[in-house]
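Asks: One structure coming up, written as structure tokens, with questions to follow.
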Amino acid sequence: MSTRINLYPALFGEAPKTLLESADFTVSASLLPSGVLALEMRNSRGHLLVLPYQGQMIWDAVFDGCDLTMSNLFSQPKPSPTVIGTYGCFMFHSGLLRNGCPTPEDDHPLHGEMPCAAMDRAWLEVGEDSAGAYLRLGGEYEYAQGFGDRYLASPSVTLRADSGLFDIAMNVTNRAGKPMDLMYMAHMNYAYVEGARFVEPLGFDRVRLRSSVPAHVKPTPAWSRYMEQLAAEPQQFRCLDQPELYDPEIVFFFDGVRADAHGDAHFLLSHPDGAAFYTRYRPEQFEHAARWILHNADQQVAAFILPATCEPEGYRAESAKGNVRSLAAGQTAAFKVTTGYLNKDEQQALIR
């Protein structure tokens, strides 16, 4: 059983306003100085700052005093039609018709139309299910182009009581009378943690270094030499211990990600203090996965796993590889990841 509270832009003012308060959760709404509407979802362990009307982007995530979000150029989210104008969030929904870094032959923006989409509706749900008490932000975005595509995107983020983990979901329904292209990535921009190790308890068949160089990447001689080493032996990259070599960015692709008996794959970025960032997802929903590392004076990010339906190399390249899904008229595709923060005891219990 759950209770639904519909949200409206008029609820968001310059002074934070508490919309919901219970034994397990608190929700407050505010209008940021930039003009962006923001919703803080809080439990006993921390909070998420979500933008319910701007692509349902998760701007900030903090649990047990640990900031999960990449270091970036932006002190606050900015109103922008594309993600490049406000690239500092913890998570955005990348896609949906187009995805990844456009090549000169592509005509789509970086990571598609969904990251900063003007959401049509937003609401809160609070309730209890088999996993316990939960707080959920839901929303809908109706995309339609004359003589073109039409879909309904329904993202959500679900916070649990007394947990540093949360669920991020996206449902996409093709409302047009013809098939539509579908390219989606759950783009989680985790913080860079010096000395952290990559852990994949169930493993994978192969990891590959991205061979293409997007337009925004400006290679240096040292970086190019390092890329040659990683291309020959990508599995050597197991620890964040050479930040001077992570500028420009480094991207890996995973093949044959293995799942447990429940169908879930598990990835961790294990910290030197024993805590960890963690993500699990179902490879049956996301056939592809990437890893993105960047460390320079302006941005530091360790996106240790980015589940996706395709690789992030733009529409033309992914179409040529056969990686662009087709969603039939009336069909719905559903995606979900569970992600967040594990303390030392929680990480040890998971590995066991």
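The values are calculated or read from the model by the stated rules, or taken from the named source; none is laboratory data. All figures in this text were calculated on a predicted structure; none of them were measured in a lab. Glycine also receives a Cβ, built like all others from the backbone with ideal geometry; neighbour counts cover every protein chain displayed. Areas reflect the complete protein model, heavy atoms only, side chains present, ligands, DNA and RNA absent. Shrake-Rupley method; radii C 1.70, N 1.55, O 1.52, S 1.80 Å.
Asks: Any idea how far the Cα center of segment 205-264 sits from the one of segment 286-352, in Å?
Replies: 14
Asks: Determine the shape class of segment 149-209: with a ≥ b ≥ c the square roots of the Cα gyration tensor eigenvalues, call it rounded for a/c under 1.5, and otherwise prolate if a/b is greater than b/c, oblate otherwise.
Replies: On the way: a/c = 2.85, a/b = 1.56, b/c = 1.83.
In terms of gyration-tensor shape, oblate.
Asks: Counting each pair of different Cα atoms once, what's the Kirkwood radius of the chain in Å, rounded to one decimal? Before the final figure, lay out each step's value.
Replies: Working: mean 1/r = 0.0482 Å⁻¹.
That comes to 20.7 Å for the chain.
Asks: Taking the Cα centre of segment 21-351 as origin, sum charge times position over the Cβ atoms of Lys and Arg (+1) and Asp and Glu (-1), and report the length of that vector in debye to the nearest 20.
Replies: On the way: 26 positive and 41 negative charges, 112 e Å.
Value, rounded to 20: 540 debye.
Asks: Heavy-atom accessible area per residue, the chain, 1.4 Å probe: how many Å²?
Replies: On the way: 14810 Å² over 352 residues.
Averaged over the residues of the chain, the accessible area is 42 Å².
Asks: How would you rank 302-309, 332-339, 122-129, 7-14, highest first, on the average number of other Cβ atoms within 10 Å across their residues? Spell out each step's value before the answer.
Replies: Numbers: 302-309: 25.4, 332-339: 18.6, 122-129: 16.1, 7-14: 13.2.
Going from most to least packed, we get 302-309, 332-339, 122-129, 7-14.
Asks: Continuing with the same structure: Can you tell which of V199, T86, G100 lies farthest toward the positive end of the dipole of the chain, using +1 and -1 charges on the Cβ of basic and acidic side chains (Lys, Arg; Asp, Glu)?
Replies: So the residue furthest toward the plus end is G100.
Asks: Hey, another quick one. Residue by residue, what Karplus-based ³J(HN,Hα) values in Hz, rounded to whole numbers, does segment 171-181 have, using 6.51, -1.76 and 1.60 with θ = phi - 60° and x for Gly and Pro?
Replies: Residue by residue, segment 171-181 yields 10, 10, 10, 7, 9, 7, x, 9, x, 10, 6 Hz.
Asks: If you roll a 1.4 angstrom probe over the protein chains with everything in place, what fraction of the accessible area of the chain belongs to carbon and sulfur, to the nearest %? All intermediate terms of the calculation are to be shown ahead of the outcome.
Replies: Working: 7280 of 14810 Å².
Reported share for carbon and sulfur atoms: 49 percent.
Asks: Based only on the alpha carbon positions, what is the Kirkwood hydrodynamic radius of segment 24-98, in angstrom? List each step's numbers first, then the result.
Replies: On the way: mean 1/r = 0.0773 Å⁻¹.
Its Kirkwood hydrodynamic radius stands at 12.9 Å.
Asks: Which of M119, T220, A176 sits closest to the plus end of the dipole of segment 21-351, meaning its Cα is farthest towards the positive end, when Lys and Arg get +1 and Asp and Glu get -1 on the C-beta?
Replies: Result: A176, furthest along the dipole toward the positive end.
Asks: Compute the signed sum of charges (Lys and Arg +1, Asp and Glu -1) over the other residues within less than 13 Å, Cβ to Cβ, of E194.
Replies: Numbers: positive: R197; negative: D241, E244, D273.
Every neighbour counted, the sum reads -2.
Asks: In nm, give the distance between the simple-model label positions of A297 and S211, each being 7 Å from the Cα along the Cα-to-Cβ direction.
Replies: Once both label points are built, they end up 3.5 nm from each other.
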